[in-house]
1. Within region 94-104, identify whether any single residue is under 23 Å from the mean Cα position of the chain (by Cα) and modelled with pLDDT of 95 or more, and answer yes or no.
2. Assigned by TED's automatic domain parsing to the domain that holds residue 328 and part of a strand (DSSP E or B): is that true of residue 198 in this structure?
3. Name the one entry in 301, 306, 359 that is at pLDDT 95 or above, buried (at least 16 other Cβ atoms within 10 Å of the Cβ) and more than 22 Å from the chain's Cα centre (by Cα).
4. Looking only at region 19-78, count how many residues are touching a residue at least 24 places away in the same chain (Cβ under 8 Å), farther than 18 Å from residue 148 by Cβ and within 22 Å of the chain's Cα centre (by Cα).
5. Answer yes if at least one residue in region 151-168 is part of a strand (DSSP E or B), within 14 Å of residue 380 (Cβ to Cβ), touching a strand residue (DSSP E or B) at 6+ places or on another chain (Cβ under 6 Å) and away from the ligand (no atom under 16 Å from the Cβ), and no otherwise.
6. Here is a check on your reading of the model: is residue 56 more than 19 Å from residue 184 (Cβ to Cβ), modelled with pLDDT of 95 or more and assigned by TED's automatic domain parsing to the domain that holds residue 151?
7. For residue 131, which of the numbered conditions (1) in a loop (DSSP other than H, G, I, E, B); (2) crowded, with 19+ Cβ neighbours inside 10 Å; (3) in contact with a helix residue (DSSP H, G or I) (Cβ under 7 Å, 6 or more places away or on another chain) fails to hold?
8. Away from the ligand (no atom under 16 Å from the Cβ) and free of Cβ contacts under 8 Å to residues at least 60 places away in the same chain: does that describe residue 116?
Ligand SMILES: [Zn+2]
């Protein structure tokens with residue numbers, strides 16, 4: 001087994017789910033279980049300026065490097081709360097035959113559903129036992145970054161830039177860079193190592209807004225409701241019916257955005273609906289927000305006497321325009337991955353990363369692959385060979401920064 005695989009498995013076994021309902025930083029103290037180990041390992045490895053903040057951000061820098069821009073490498077320690085991350089038992093499917101993998105609880109990983117899985121036929125696929133997620137998102141990224149640092153420490157004569165490292169908590173609950181100290185990090189450009197298949201480097205994310213609805217009706221005994229009841233449950237139903245189904249996540253892909261009603265709660269007197277809006281373009285997002293306002297006005301006229309409150313908030317923005325100002329960040333990553341002998345394309349993340357916000361905080365950040373797929377689910381997997389390609393690609397990318405400075 002390669003040391004990157006051993007390292008990944010060791011991290012995957014540590015439970016680090018973040019908690020969307022907590023207001024502390026990090027959102028769950030268990031994230032320190034991994035952060036404390038990483039702090040010690042970075043020190044033992046010979047990294048400099050190792051610092052773990054009270055809010056759970058771990059910083060370090062790789063000693064040496066040519067003068068010029070400082071390149072940051074970022075991964076997150078938390079796993080998604082969408083599937084259990086408790087007691088993960090990584091399974092190795094050695095010499096995988098290319099057929100669907102069956103795990104406990106009827107969990108089935110079908111290569112037909114995964115863009116890149118058959119690349120690893122004959123290799124070693126790593127999964128959970130089916131009762132939890134695997135946590136390749138993003139413990140693969142952590143393992144890749146540490147092995148990259150280790151490689152450059154073992155090969156001190158290879159030109160490379162100055163490298164800063166950060167491991168963040170709470171990426172999965174959208175708060176990964178809430179307490180991020182850009183000055184301490186000290187990078188001019190950065191890569192999150194938080195992507196999926198090895199064939200993609202991402203240079204943009206969605207623009208993201210939330211649209212939260214509070215609907216107030218009027219409760220009356222149904223026996224005497226004629227002419228006076230205003231049913232908030234009906235209004236909530238009408239709201240969703242007025243949204244365009246062709247614009248919903250299940251009907252959109254590629255660079256298309258979506259409007260997603262993801263939560264409904266209510267009774268006659270009041271109801272709550274949560275919607276998220278996603279679009280790659282600024283104009284597209286303006287249009288989505290305008291549609292929400294049009295629905296609000298329509299509901300108000302359909303249900304006189306009701307109160308309909310719509311609150312829209314920006315969650316993160318597409319950093320694509322910022323990244324396009326200096327193309328080296330994306331070009332070197334594409335070239336570095338291509339040097340592994342694979343076809344690589346520039347892609348768009350249908351979601352956000354720590355990098356979307358970091359780019360607006362002054363550190364343009366693109367996203368590099370980890371090789372993992374089916375994140376946030378019990379079917380999550382990564383192949384040992386994928387980890388090795390992602391590792392080699394990241395090393396190549398840093399070499400390019402070193403050679404061209
Ligand atoms: Zn992630």
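1. no
2. No; evaluated as a whole, the condition is false for this residue.
3. When all the criteria are applied, what remains is 306.
4. 15
5. No, there is no match, as no residue in region 151-168 is part of a strand (DSSP E or B), within 14 Å of residue 380 (Cβ to Cβ), touching a strand residue (DSSP E or B) at 6+ places or on another chain (Cβ under 6 Å) and away from the ligand (no atom under 16 Å from the Cβ).
6. Considered against the rule, which asks whether it is more than 19 Å from residue 184 (Cβ to Cβ), modelled with pLDDT of 95 or more and assigned by TED's automatic domain parsing to the domain that holds residue 151, residue 56 comes out as no.
7. Against the list (1) in a loop (DSSP other than H, G, I, E, B); (2) crowded, with 19+ Cβ neighbours inside 10 Å; (3) in contact with a helix residue (DSSP H, G or I) (Cβ under 7 Å, 6 or more places away or on another chain), residue 131 comes up short only on (2).
8. no
The values are calculated or read from the model by the stated rules, or taken from the named source; none is laboratory data. No experiment lies behind these values; they were computed from the predicted model shown. Cβ atoms come from the backbone with ideal geometry, glycine included; neighbour counts cover every protein chain shown.
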